[in-house]
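The values are calculated or read from the model by the stated rules, or taken from the named source; none is laboratory data. Every value quoted in this text rests on a predicted model; they were computed, and no experiment measured them. Don't worry about glycine lacking a Cβ; one is built from the backbone with ideal geometry, like all the others, and counts go over all protein chains shown. Accessible surface areas use protein heavy atoms only, side chains included; no ligands, DNA or RNA. Shrake-Rupley method; radii C 1.70, N 1.55, O 1.52, S 1.80 Å.
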Amino acid sequence: MCKIRTLLLLLSLFLSGKTLSKEKVNIVFSETVSDTASFYIKEMVQIYKSIGVEPIVSVYPEARASYLFEIGKVDALGAKIGPYEKVNPDAIKVDVPILDSIPFKIYVLKSDREKILKLKEPFILSTVNCIGCEEFSKIFKSPISAYSTNIQSGLKMLEKGRADLIITSTIFMDKIPGKEKFVPLNEWRYIPKVYHFISSRKLHLKEKLTVEILKAKKRGAFDLKKLQYKK
(Lines give C-alpha, C1' and ligand atoms only; values in the text may rest on other atoms or scores of the structure.)
Protein backbone atom coordinates (compact mmCIF):
# COMPACT_ATOMS: atom_id res chain seq x y z
CA MET A 1 0.00 0.00 0.00
CA CYS A 2 2.86 2.31 0.89
CA LYS A 3 4.50 1.66 -2.50
CA ILE A 4 1.26 2.45 -4.32
CA ARG A 5 0.90 5.74 -2.46
CA THR A 6 4.49 6.60 -3.28
CA LEU A 7 3.90 5.86 -6.96
CA LEU A 8 0.74 7.94 -6.98
CA LEU A 9 2.57 10.81 -5.31
CA LEU A 10 5.39 10.64 -7.86
CA LEU A 11 2.88 10.53 -10.72
CA SER A 12 1.07 13.55 -9.29
CA LEU A 13 4.31 15.49 -9.01
CA PHE A 14 5.25 14.51 -12.56
CA LEU A 15 1.93 15.66 -13.97
CA SER A 16 1.96 18.91 -12.02
CA GLY A 17 5.50 19.50 -13.22
CA LYS A 18 4.36 19.06 -16.82
CA THR A 19 1.56 21.56 -16.23
CA LEU A 20 3.95 24.07 -14.70
CA SER A 21 6.38 23.69 -17.61
CA LYS A 22 3.72 24.26 -20.27
CA GLU A 23 5.12 26.33 -23.12
CA LYS A 24 4.17 30.00 -23.10
CA VAL A 25 3.97 32.41 -26.02
CA ASN A 26 3.88 36.17 -25.54
CA ILE A 27 1.69 37.68 -28.27
CA VAL A 28 1.47 41.42 -28.87
CA PHE A 29 -1.42 43.07 -30.68
CA SER A 30 -1.70 46.67 -31.79
CA GLU A 31 -4.28 48.99 -30.26
CA THR A 32 -5.86 49.27 -33.70
CA VAL A 33 -6.48 45.52 -33.81
CA SER A 34 -7.77 45.57 -30.25
CA ASP A 35 -10.13 48.48 -31.02
CA THR A 36 -11.51 47.03 -34.24
CA ALA A 37 -11.08 43.25 -34.03
CA SER A 38 -11.13 42.06 -30.43
CA PHE A 39 -12.78 38.88 -31.74
CA TYR A 40 -9.54 38.11 -33.59
CA ILE A 41 -7.52 38.32 -30.38
CA LYS A 42 -9.90 35.89 -28.68
CA GLU A 43 -9.67 33.55 -31.65
CA MET A 44 -5.86 33.54 -31.63
CA VAL A 45 -5.86 32.82 -27.90
CA GLN A 46 -8.03 29.74 -28.53
CA ILE A 47 -5.82 28.66 -31.44
CA TYR A 48 -2.70 28.73 -29.28
CA LYS A 49 -4.48 26.85 -26.49
CA SER A 50 -5.63 24.22 -28.99
CA ILE A 51 -2.00 23.40 -29.84
CA GLY A 52 -1.09 23.04 -26.16
CA VAL A 53 0.49 26.45 -25.65
CA GLU A 54 -0.36 29.09 -23.07
CA PRO A 55 -0.77 32.51 -24.78
CA ILE A 56 0.07 35.69 -22.88
CA VAL A 57 -1.53 38.68 -24.59
CA SER A 58 -0.47 42.32 -24.48
CA VAL A 59 -1.76 45.35 -26.39
CA TYR A 60 0.31 48.39 -27.37
CA PRO A 61 0.27 51.23 -29.91
CA GLU A 62 1.24 50.03 -33.39
CA ALA A 63 4.86 51.23 -33.33
CA ARG A 64 5.50 49.91 -29.82
CA ALA A 65 3.97 46.51 -30.64
CA SER A 66 6.25 46.06 -33.65
CA TYR A 67 9.28 47.27 -31.70
CA LEU A 68 8.74 44.78 -28.87
CA PHE A 69 8.51 41.96 -31.41
CA GLU A 70 11.59 43.10 -33.29
CA ILE A 71 13.80 43.30 -30.18
CA GLY A 72 12.64 39.89 -28.99
CA LYS A 73 10.60 40.96 -25.98
CA VAL A 74 7.57 39.06 -27.32
CA ASP A 75 7.27 35.85 -29.33
CA ALA A 76 4.48 36.69 -31.79
CA LEU A 77 2.97 39.66 -33.56
CA GLY A 78 -0.81 39.45 -33.79
CA ALA A 79 -1.40 40.79 -37.29
CA LYS A 80 0.68 42.52 -39.93
CA ILE A 81 0.54 42.83 -43.71
CA GLY A 82 2.77 40.58 -45.83
CA PRO A 83 5.39 43.23 -46.73
CA TYR A 84 6.39 43.34 -43.05
CA GLU A 85 8.90 40.63 -44.05
CA LYS A 86 10.86 43.33 -45.88
CA VAL A 87 11.07 45.43 -42.73
CA ASN A 88 11.89 42.52 -40.43
CA PRO A 89 13.53 39.60 -42.30
CA ASP A 90 13.74 37.63 -39.03
CA ALA A 91 9.95 37.52 -38.69
CA ILE A 92 8.37 34.21 -39.63
CA LYS A 93 5.04 34.49 -41.42
CA VAL A 94 2.41 31.83 -40.75
CA ASP A 95 1.54 31.00 -44.34
CA VAL A 96 -2.27 31.14 -44.15
CA PRO A 97 -3.40 34.79 -44.39
CA ILE A 98 -5.77 36.04 -41.71
CA LEU A 99 -7.27 38.35 -44.33
CA ASP A 100 -6.92 37.88 -48.08
CA SER A 101 -7.16 41.59 -48.72
CA ILE A 102 -6.91 44.82 -46.78
CA PRO A 103 -7.27 47.72 -49.25
CA PHE A 104 -5.48 51.02 -48.67
CA LYS A 105 -6.72 54.28 -50.19
CA ILE A 106 -6.03 57.97 -49.87
CA TYR A 107 -8.86 59.97 -48.28
CA VAL A 108 -9.90 63.61 -48.30
CA LEU A 109 -12.53 65.67 -46.50
CA LYS A 110 -15.53 65.48 -48.82
CA SER A 111 -16.10 69.25 -48.77
CA ASP A 112 -12.46 69.89 -49.75
CA ARG A 113 -12.06 67.28 -52.49
CA GLU A 114 -12.23 69.59 -55.53
CA LYS A 115 -9.82 72.06 -53.94
CA ILE A 116 -7.33 69.35 -52.93
CA LEU A 117 -7.38 67.80 -56.40
CA LYS A 118 -5.83 71.00 -57.74
CA LEU A 119 -2.88 70.99 -55.33
CA LYS A 120 0.52 70.01 -56.75
CA GLU A 121 2.02 69.07 -53.36
CA PRO A 122 -0.74 68.23 -50.87
CA PHE A 123 0.09 67.64 -47.21
CA ILE A 124 -0.37 63.87 -46.77
CA LEU A 125 -0.76 62.03 -43.47
CA SER A 126 -0.20 58.42 -42.51
CA THR A 127 -0.53 56.71 -39.17
CA VAL A 128 2.69 55.81 -37.38
CA ASN A 129 4.36 52.54 -38.44
CA CYS A 130 1.76 51.83 -41.14
CA ILE A 131 3.61 49.63 -43.64
CA GLY A 132 0.60 49.52 -45.97
CA CYS A 133 0.55 53.33 -46.04
CA GLU A 134 4.27 53.44 -46.83
CA GLU A 135 3.83 50.93 -49.67
CA PHE A 136 0.89 52.93 -51.05
CA SER A 137 3.02 56.08 -50.91
CA LYS A 138 5.83 54.44 -52.90
CA ILE A 139 3.57 52.85 -55.51
CA PHE A 140 1.60 56.02 -56.26
CA LYS A 141 4.48 58.47 -55.69
CA SER A 142 2.62 60.33 -52.97
CA PRO A 143 5.19 61.39 -50.34
CA ILE A 144 3.99 61.29 -46.74
CA SER A 145 4.37 64.68 -45.06
CA ALA A 146 3.69 63.73 -41.42
CA TYR A 147 2.38 60.99 -39.15
CA SER A 148 -0.53 60.81 -36.72
CA THR A 149 -0.73 58.48 -33.73
CA ASN A 150 -3.98 56.94 -34.97
CA ILE A 151 -6.58 57.28 -37.71
CA GLN A 152 -9.01 59.41 -35.73
CA SER A 153 -6.41 62.03 -34.78
CA GLY A 154 -5.36 62.17 -38.44
CA LEU A 155 -8.93 62.73 -39.58
CA LYS A 156 -9.30 65.55 -37.06
CA MET A 157 -6.24 67.20 -38.60
CA LEU A 158 -7.99 67.09 -41.99
CA GLU A 159 -11.13 68.64 -40.48
CA LYS A 160 -9.10 71.44 -38.89
CA GLY A 161 -7.30 72.16 -42.17
CA ARG A 162 -3.89 71.09 -40.82
CA ALA A 163 -3.53 68.37 -43.46
CA ASP A 164 -5.01 67.66 -46.88
CA LEU A 165 -5.07 63.87 -47.22
CA ILE A 166 -4.63 60.69 -45.22
CA ILE A 167 -3.59 57.23 -46.39
CA THR A 168 -5.28 54.44 -44.49
CA SER A 169 -7.09 51.13 -44.79
CA THR A 170 -10.65 51.07 -46.07
CA ILE A 171 -11.45 48.40 -43.48
CA PHE A 172 -10.83 50.82 -40.62
CA MET A 173 -12.34 53.82 -42.39
CA ASP A 174 -15.57 51.92 -42.93
CA LYS A 175 -15.96 51.49 -39.16
CA ILE A 176 -14.92 54.90 -37.88
CA PRO A 177 -17.61 57.29 -36.53
CA GLY A 178 -18.02 60.25 -38.85
CA LYS A 179 -16.74 58.35 -41.88
CA GLU A 180 -19.40 60.00 -44.09
CA LYS A 181 -17.37 63.24 -43.99
CA PHE A 182 -14.55 61.64 -45.96
CA VAL A 183 -14.21 60.16 -49.45
CA PRO A 184 -11.39 58.57 -51.47
CA LEU A 185 -9.49 61.19 -53.47
CA ASN A 186 -9.29 58.92 -56.52
CA GLU A 187 -9.34 55.26 -57.61
CA TRP A 188 -5.86 54.36 -56.36
CA ARG A 189 -5.77 51.16 -54.28
CA TYR A 190 -3.07 49.01 -52.73
CA ILE A 191 -4.30 45.57 -51.52
CA PRO A 192 -1.93 43.41 -49.44
CA LYS A 193 -2.81 40.38 -47.28
CA VAL A 194 -2.65 40.16 -43.48
CA TYR A 195 -0.71 37.47 -41.60
CA HIS A 196 0.22 36.32 -38.11
CA PHE A 197 3.98 36.44 -37.41
CA ILE A 198 6.14 34.48 -34.96
CA SER A 199 9.78 34.75 -33.92
CA SER A 200 12.42 32.21 -34.94
CA ARG A 201 12.44 30.71 -31.43
CA LYS A 202 8.83 29.66 -31.99
CA LEU A 203 9.44 28.20 -35.44
CA HIS A 204 8.46 24.74 -34.14
CA LEU A 205 4.87 26.03 -33.75
CA LYS A 206 4.49 27.22 -37.34
CA GLU A 207 3.05 24.01 -38.82
CA LYS A 208 0.46 23.59 -36.07
CA LEU A 209 -0.51 27.26 -36.22
CA THR A 210 -0.91 27.03 -39.99
CA VAL A 211 -3.32 24.11 -39.63
CA GLU A 212 -5.40 25.75 -36.89
CA ILE A 213 -5.54 29.19 -38.52
CA LEU A 214 -6.73 27.56 -41.75
CA LYS A 215 -9.47 25.72 -39.83
CA ALA A 216 -10.57 28.95 -38.15
CA LYS A 217 -10.56 30.80 -41.44
CA LYS A 218 -12.70 28.16 -43.14
CA ARG A 219 -15.38 28.45 -40.44
CA GLY A 220 -15.49 32.22 -40.81
CA ALA A 221 -13.69 33.15 -37.59
CA PHE A 222 -12.05 36.18 -39.23
CA ASP A 223 -15.18 37.58 -40.88
CA LEU A 224 -14.75 41.33 -41.49
CA LYS A 225 -18.42 41.88 -40.67
CA LYS A 226 -17.42 41.49 -37.00
CA LEU A 227 -15.18 44.56 -37.10
CA GLN A 228 -16.18 47.39 -34.78
CA TYR A 229 -14.36 50.61 -34.01
CA LYS A 230 -14.44 51.79 -30.39
CA LYS A 231 -15.32 55.43 -29.99
_Residues with amide H under 5 Å from that of V59, placed H, sequence gap 5 or more_ = F29
*Provide the per-residue ³J(HN,Hα) series for segment 146-153, in order, calculated from phi with Karplus coefficients 6.51, -1.76, 1.60 and θ = phi - 60°, each as a whole number of Hz, with x at glycine and proline positions.*
7, 10, 10, 5, 7, 5, 5, 5
_Formal net charge of residues neighbouring Y190 (Cβ-Cβ distance under 11 Å; K, R +1; D, E -1)_ = +1
*Rounded to 10°, Cα long-axis angle of helix 2-20 versus longest principal axis of the chain*: 10
*Can you give the accessible area of E70 in Å² (nearest 10), computed on protein heavy atoms with a 1.4 Å probe?*
90
*Considering the alpha-carbon set of segment 113-226 alone, what are its Rg and its Dmax in angstrom?*
17.7, 54
_Whole-Hz ³J(HN,Hα) for each residue in segment 218-224, computed from phi via Karplus 6.51 cos²θ - 1.76 cosθ + 1.60 with θ = phi - 60°, x for glycine and proline: what do you get?_
5, 8, x, 5, 10, 5, 5
*Using alpha-carbon pairs under 8 Å, 6+ residues apart, how would you state the relative contact order of the chain in percent?*
28
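Provide the per residue accessible area, probe 1.4 Å, for segment 109-192, rounded to a whole number of square angstrom.
Numbers: 4720 Å² over 84 residues.
The answer is 56 Å² per residue.
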*Would you mind checking the pairs K86/K118; K93/K218; K49/K225; K42/K73; K86/K120; K86/K115 and listing those with alpha carbons more than 27 angstrom apart?*
K86/K118; K86/K120; K86/K115
*asked:* Suppose the chain between E85 and Y67 were pulled fully straight at 0.36 nm per residue; how much longer would it get relative to their current alpha carbon spacing?
replied: 5.1 nm
*Say each of K225 and Q46 gets a label point 7 Å from the Cα, pointing the same way as Cα to Cβ; how far apart are those two points in nm?*
1.7
*Write down the Kirkwood hydrodynamic radius of the chain, to one decimal in angstroms, obtained as one divided by the mean of 1/r over all alpha carbon pairs.*
19.5
_Rounded percent of accessible protein surface that carbon and sulfur make up, the chain, 1.4 Å probe_ = 55
_Taking the full set of protein chains and a 1.4 angstrom probe, give the accessible area of V74 in square angstrom, rounded to the nearest 10._
10
*Which value, in debye to the nearest 20, describes the size of the charge dipole of the chain about its Cα centre when Lys and Arg Cβ atoms bear +1, Asp and Glu Cβ atoms bear -1, and nothing else is charged?*
560
*To the nearest 10 square angstrom, what accessible area does T32 show with a 1.4 Å probe?*
40
*Using modelled amide H (1.01 Å from N, peptide plane; none on Pro or chain starts), what sits under 5 Å from the amide H of E54, excluding residues fewer than 5 places away?*
E23, K24, V25
